[in-house]
1. Inside segment 288-316, can you point out the residues that are within 17 Å of LEU47 (Cβ to Cβ), without any contact (Cβ under 8 Å) to a residue 60 or more places away in the chain and either open to solvent by 10 Å² or more (accessible area, probe 1.4 Å) or in contact with a helix residue (DSSP H, G or I) (Cβ under 6 Å, 6 or more places away or on another chain) (or both)?
2. Taking GLY176 as the residue in question, decide whether it is small (Gly, Ala, Ser), on the phi > 0 side of the Ramachandran plot and out of contact with any Pro (no Cβ under 8 Å at 6 or more places or on another chain).
3. For segment 415-449: of the residues being crowded, with 20+ Cβ neighbours inside 10 Å and part of a helix (DSSP H, G or I), which is modelled with the lowest pLDDT?
4. Which one of ALA106, ALA95 is over 18 Å from VAL295 (Cβ atoms), in a loop (DSSP other than H, G, I, E, B) and small (Gly, Ala, Ser)?
5. Does ALA301 qualify as being out of contact with any Pro (no Cβ under 8 Å at 6 or more places or on another chain) and of a type in the set (Gly, Ala, Ser)?
6. Working only within segment 354-408, note down all residues that are assigned to a loop (DSSP other than H, G, I, E, B) and modelled with pLDDT under 80.
7. Which of the following residues is among the aromatic types (Phe, Trp, Tyr), farther than 28 Å from ILE264 by Cβ, touching a residue at least 12 places away in the same chain (Cβ under 8 Å) and open to solvent by 20 Å² or more (accessible area, probe 1.4 Å): TYR142, TYR134?
Amino acid sequence: MDQDNLPPAPAGALPPAATRTLNLAAQLDAFERLPAAEQDRRQLGSLRTLLRHARDFSPFWRDRLAASGVDPDRPLQEGETALDLIRDLPVLTRAVLQEQGNALKARAPWMAEDRIVIARTSGSTGVPVAVERYLPMHQPLYTALTFLDNRWHGRDSRRPIAIAKDMADAVLPTWGPLYEALGHQGVAHCRNMIGHAPEDILSWLAGLGVPYLVTTPALALRLAELSLVGGPRPVGLEQIITFGETVTPEIRARVRAAFGARVIDRYSCEEIGWIAFQCPAHEERYHTLSASVLVEILDEAGQPCPPGQAGRVALTALHGLAMPLIRYEIGDYAEWAPQQDVCACGRTLPVIGALHGRERSFIRMPDGTLRLARLSGEYWRGIAPVRDYRVVQYADGQIEAFVEAERKLAPEELDALRAMLAKVLGHPMPAIVTQAGRIDWGHRWKRQDVTRLDRARGGAGATAVGATATTAAPDSPPE
């Protein structure tokens, strides 16, 4: 059900915060259907405002803009776009953000210090960072975009929802203050995904009878696998709304097989917020939220990638005033889809055709190039009863696969797993396969099933997981 068709709000004026958010949502909704040229014109206006603010109030950006010759007030030539205004500006890396955080801050006289909050990343890339947000700008924008995503996908906020992520256990009377103001009394059942085992979360979910679940792709897959092997099956589940990790075709298929539900993904990062939402008409395509974020996909030389070519994602948060992030490289790889004037869903926003995940999810080949590790659970289960896996590449190129299985694997099964890895990864160095009693993902809610480490195998940083040796010493999946 589209929220355009939901009952009207209660009689009387809405609270000011709800009114502002709904007005903003209406503006964003109108932006989604503008011609591409008009979207770029408006995006350029927001970018100029951001650059002026950064130049005037941030020591870091004042110096970087001057050194790069980037002038916020430079007239664009015919055919130039908003991206051309900042093309000479170096990308901002996580390392620089971590080292220069204080200098990146931008404080205009009208910005109240008590309205600035700090967002910290999970450190799943190895470099945790802290970013400041100006709440009067960030909060209404974040809420309005979330409201639009719910409308895109026909969610009814009068119905209950389950949320399994890194948050406190709770039962909330509504989906949030905006929905309370609208009189939509859908209860939100919240469960901490770190403090509870997946088996317990599945049982909890099965007892709720909710149509929607918000969680990570990894937990969605784990819940589906548990249900498919005899665990509880939640009745009435229609959508699993994911965030924080890459959604694969396998995850979509297993969730559909287990629950009859669709996976609907939201692309985001902690530093900036929402980046793109899954298209309502195309399951594996995403519309970038161009009114709030400028998205670039760059090749190794820093040049824009054409459609169909994977490259590094760089973002400019157009309304990130407390700590401007301009051409910020988040460590993801993605690729553009061929651009159509109007998508089948009616939107003219740019389209990301594929999200490949973190740069550390790529295997480094002997010649230094990166190759996406296209592994899925089906590869493993087709050979042996593997429940969970994690693949690590060490600094010397050595690849080790840690596997958790239902029983001790036979030598011929281990040989077959090694052969599968050689074929799928295409790396000439034979992989080591280590059977673990369990895969220890630590306390991070993000799970990278393929990662590269800047240390040798067996070095400092490994964590004990009760591994059972197979072809080598019982090293355990390192964090």
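The values are calculated or read from the model by the stated rules, or taken from the named source; none is laboratory data. Small disclaimer: the values here were computed from a predicted structure and weren't measured. Cβ coordinates were reconstructed from backbone atoms using ideal geometry, including for glycine residues, and neighbour counts include every protein chain displayed. Protein only, heavy atoms only, side chains kept; ligands, DNA and RNA dropped before computing areas. Shrake-Rupley method; radii C 1.70, N 1.55, O 1.52, S 1.80 Å.
1. Within segment 288-316, just VAL295 meets the criteria.
2. In short, yes.
3. Looking at residues that are crowded, with 20+ Cβ neighbours inside 10 Å and part of a helix (DSSP H, G or I), I get LEU425.
4. After ruling out the rest, the residue left standing is ALA106.
5. Judged against the criteria, ALA301 is a match.
6. Of everything in segment 354-408, those that are assigned to a loop (DSSP other than H, G, I, E, B) and modelled with pLDDT under 80 turn out to be GLY368, THR369, ALA373, ARG374, LEU375, SER376.
7. On inspection, the qualifying residue turns out to be TYR134.
To keep it simple, each residue is scored yes or no on (1) out of contact with any strand residue (DSSP E or B) (no Cβ under 6 Å at 6 or more places or on another chain); (2) modelled with pLDDT under 95; (3) of a type outside the set (Asp, Glu).
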position	(1), (2), (3)
TRP175	no, no, yes
PRO198	yes, yes, yes
GLN239	no, no, yes
GLU250	yes, yes, no
